[in-house]
Amino acid sequence: MGALAQRVGCSLDDITDMSCNLNPLGPMPDLEAYIRANTGRIGSLPEPDAGTMVTAYAQYHDMDPQRVIAGNGTTAFIYTLPAALASKNVLIAGPTYADYRDGCIMNNTPFAFWLADKSRNFQLDTEGISATLSRSDNAIDTVIICNPNNPTGTLVEQGRLVALVEEHPGVFFVIDESYLPFTDHGEAMSLARETGFPNLVVLSSMSKIFTIPGLRTGFLSAHPDVVKKFMAYYQPWSVNALAQAAVVHLLENRETTEAFVSRSRSFMKEEKALFYETMSRCSGIKLFPSTTYFVLAELLKGTSAGEVCRIVGNERMLIRNCANFHGLSDRFVRFSLKDRKSNTALAAALKSIEAIH
């Protein structure tokens with residue numbers, strides 16, 4: 001963002017960041033006030049295992065706390081999982097978040113991608129994955145699925161995922177649900193409370209829906225035996241004191257928190273529908289269906305993602321060039337919608353590009 005501000009000659013505050021997948025209504029004012037009132041906590045060490053935070057999360061979701069770990073964002077778990085699960089061959093459902101690949105690389109763990117097909121709007125072929133895992137020459141022992149997926153916004157139905165996990169008990173399935181709070185009835189679709197599968201690992205985040213990525217908060221849910229595998233790599237005091245306090249505050253104030261999430265979903269649903277309608281007559285760009293508030297778009301008239309990002313940047317808006325997502329190209333961009341004014345400005349900028357070409 002700093003590079004764009006320098007290029008167009010403005011301050012960082014003048015840039016509308018639509019590249020980052022965060023709730024435009026957050027952070028909650030009540031949470032910001034609570035954090036300001038608790039800055040004194042930085043003078044003491046936090047709980048080494050974030051135990052109170054774990055207990056609050058487990059109680060909120062009606063889970064056994066022995067099945068939960070709190071971490072310094074889901075990133076800490078992503079980079080640990082190849083070692084904790086002793087993975088020998090990882091299959092990553094893509095195109096998706098690059099850290100899954102980078103975590104394998106850091107641990108010298110072989111990996112491959114199962115790429116969703118653009119012609120199917122990037123919906124994941126779980127039957128194809130299952131067939132691959134059933135082959136006699138298959139050596140895959142870990143599968144990573146982001147659900148809903150970043151950057152495509154696609155969601156795999158809960159039943160299809162459960163079937164995969166059930167059909168292949170010798171394979172670990174890591175399901176990253178960081179963006180599930182953005183979807184209607186997300187809580188009911190979560191696999192975090194599934195207790196019958198020792199080969200299931202679920203990652204959850206409060207950073208996106210509550211717009212607190214700087215606090216670095218994440219959770220891992222799994223069978224207690226799998227939790228022990230991850231705890232062998234757990235660094236004490238990895239969740240800072242303010243993050244622990246903020247999460248506990250959110251979880252213990254259920255009524256306020258749930259009302260905020262509900263209001264956010266309604267707002268995002270309305271704004272997204274309006275944006276899709278506004279862009280429906282723009283023949284130069286295809287918006288893929290998304291169950292989240294971020295949108296993947298394909299550029300259809302030879303315009304490169306870099307050029308689009310530059311032109312949109314001239315209007316002091318930052319969007320995501322998807323050229324470095326494995327399985328995409330420089331013909332794809334992603335943007336996370338904001339408020340009505342910002343979304344309208346983005347639509348106008350994208351339509352101006354079509355007019356040029």
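A few remarks follow.
- Estimated [θ] at 222 nm from DSSP helical runs (n ≥ 4, -39500 (n - 2.57)) normalised by residues in the chain, nearest 500: -12000 deg cm²/dmol
- Lysine pairs in the chain whose alpha-carbon atoms fall under 18 angstrom of each other, counting only those eight or more residues apart or on distinct chains, come to 17.
- Each part gets one Cα centre, and for region 6-77 versus region 137-209 those centres are 22 Å apart.
- Value of D in µm² per second that Stokes-Einstein yields for region 138-205, Kirkwood Rh from Cα pairs, at 10 °C (1.306 mPa s): 130
- Around ASN72: net Lys/Arg minus Asp/Glu count, Cβ-Cβ under 15 Å: -2
- If you wrap the Cα atoms of region 40-252 in a convex hull and average its projected area over all directions, you get 11.5 nm².
- When the GluC sites (Glu not before Pro) in region 276-357 are filtered for DSSP coil states and for at most 16 other beta-carbon atoms within 10 Å of their beta-carbon, the remaining sites are GLU315.
- Net charge, ALA305 excluded, C-beta distance under 11 Å - Lys, Arg +1, Asp, Glu -1: +1
- Scanning the chain for chymotrypsin sites (Phe, Trp or Tyr not before Pro) that sit in a DSSP loop and have at most 15 other Cβ atoms within 10 Å, the longest stretch containing none of them is 1-232.
- For region 238-339, the extents of the C-alpha atoms along the principal axes are 51, 34, 28 Å, listed from largest to smallest.
- Extent of region 127-278 along its three principal axes (Cα atoms, max minus min coordinate, largest first): 49, 47, 24 Å.
- Shape category assigned to region 67-176 from the gyration tensor of Cα positions, a/c cut at 1.5: rounded
- Each Lys and Arg adds +1 at its Cβ and each Asp and Glu adds -1 at its Cβ; summed about the Cα centre, region 40-252 shows a dipole of about 480 debye.
- For VAL8, net neighbour charge (Lys/Arg +1, Asp/Glu -1) across residues whose Cβ lies under 11 Å away: +1
- In the chain, the alpha-carbon atoms span a convex hull of 141 Å³ per residue.
- Percentage of interatomic Cα-Cα distances in region 227-278 larger than 13 Å: 73
- Overall dimensions of region 289-357 as given by Cα atoms, namely Rg and Dmax in Å: 11.6, 32
Every read-out reported here was derived from the displayed coordinates using simple, explicitly stated rules and does not represent laboratory data. The structure presented is a predicted model; accordingly, all values stated were derived computationally and were not measured. Virtual Cβ from ideal backbone geometry, glycine too; neighbours counted across all protein chains shown.
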